[in-house]
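Student: The following block contains the structure, expressed as structure tokens.
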């Protein structure tokens, strides 16, 4: 019988690979606590409308990539493709408005049906940070410095560049969008098929095209700076000044865009050349119109998401957890006593394990292979004398220790 295989684009991780992902989440948890971001949990499944309204029905994520299905009650349900929409839905439905401005952080699985490639999977894992209910540019600075400090905590900040842009306020965006439509219409015959499809419904996304046919055309496209209102210009200046004051290095990328209308002002990505074509490790921006798209009141918000797998690929593997001592019991009486000792050591905060298979030589070999500092040898003679043999696996020194003082002997 052929063994059951995993679903394409999913992972089963053991040891170092799993530890890398856990190290990223642990670093995120340390940093978000320093910044006062509260941990939130949101459902893995939502009504499909939550994502259709917020991500946009015409985007590839909604039209091609979401895992959507009809449940037994006839409801259209979707596995979350990202966190922001679910967090904003909870902000409205769970009454979190009372906490505004609200700084929240989440992590976990997300799902998209796309071609698996380096650092990209159909079930993947994300970090997410959001500030909801804050219209000030200082919130943008806060979310950007959080991202930078996470990268520093992981030891990879030097290999990553923050790219910043402004999309302006609604007045700016409308004027810029109109100019882009006029410009790209005049070059429609030379655009790629995807960009032609985006021309009417999502023209800003053409600026983000990777197709060589589009790149040359985009070089001469109207720049957002030509249409910035005074208020939008001042907002972006405040963000960049704050980022400078925080000591976060950045570069301007005037082609960095977000296609949907609810995005305003700041758009950003932390990018690297260490992951090949998939170079973005953190991406986000200000989305002041999203909660309104969910039926709520006009609510300013800014946030980012990061791919845990991509960050994990860039960090050194954490040192494996090794037991301080491995118990080597010989005989049934010793095994029963070793179990009591094992539980006691663990309760006192000492990492301990037991080698319970094979002869003495094999058990000692397992203790060495586990990387333990000590082996505790326990047989009938040791039980009768009330003293086990504690062997230093580095020096080879061996001495008797009282069965009641094992933890103290190991700590010394």
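Student: Among the listed residues 69, 83, which satisfies the condition of being closer than 18 Å to residue 284 by Cα, in contact with a strand residue (DSSP E or B) (Cβ under 7 Å, 6 or more places away or on another chain) and surrounded by 11 or more Cβ atoms within 10 Å (Cβ to Cβ)?
Tutor: None of the others qualify; the one that does is 83.
Student: In segment 185-222, what residues are under 20 Å from residue 260 (Cβ atoms), part of a loop (DSSP other than H, G, I, E, B) and touching a helix residue (DSSP H, G or I) at 6+ places or on another chain (Cβ under 6 Å)?
Tutor: 209, 221, 222
Student: When you check residue 296 against the structure, is it under 30 Å from residue 106 (Cβ atoms), under 29 Å from the mean Cα position of the chain (by Cα) and assigned to a strand (DSSP E or B), yes or no?
Tutor: no
Student: A further question on this structure: Any residue in segment 245-261 that's under 16 Å from residue 227 (Cβ atoms): show its pairings with residues that are in a loop (DSSP other than H, G, I, E, B) at Cβ separation under 6 Å, as long as the two are six or more apart or on different chains.
Tutor: 254/223
Student: Considering only strands (runs of 3 or more DSSP E) fully contained in segment 307-412, which possess at least 2 residues that are loosely packed, with under 14 Cβ neighbours inside 10 Å and at pLDDT below 95?
Tutor: 398-402
Student: For segment 223-256, name all the residues that are over 23 Å from residue 145 (Cβ atoms) and either touching a strand residue (DSSP E or B) at 6+ places or on another chain (Cβ under 9 Å) or not in a helix (DSSP H, G or I) (or both).
Tutor: 223, 224, 225, 227, 228, 229, 255
Student: From 138, 117, grab the single residue that is under 30 Å from residue 7 (Cβ atoms) and either in contact (Cβ under 8 Å) with a residue 24 or more places away in the chain or surrounded by fewer than 18 Cβ atoms within 10 Å (Cβ to Cβ) (or both).
Tutor: Answer to the selection: 117.
Student: Quick check: is even one residue across segment 49-66 in contact with a helix residue (DSSP H, G or I) (Cβ under 7 Å, 6 or more places away or on another chain), outside any helix (DSSP H, G or I) and surrounded by 20 or more Cβ atoms within 10 Å (Cβ to Cβ)?
Tutor: yes
Student: Does residue 154 satisfy the condition of being within 27 Å of residue 238 (Cβ to Cβ), within 14 Å of the chain's Cα centre (by Cα) and either surrounded by 23 or more Cβ atoms within 10 Å (Cβ to Cβ) or modelled with pLDDT of 95 or more (or both)?
Tutor: no
The values are calculated or read from the model by the stated rules, or taken from the named source; none is laboratory data. Keep in mind that this is a model prediction, so the values were computed, not measured. Quick reminder, even Gly has a Cβ in these numbers, built from the backbone with ideal geometry, and neighbours come from all protein chains shown.
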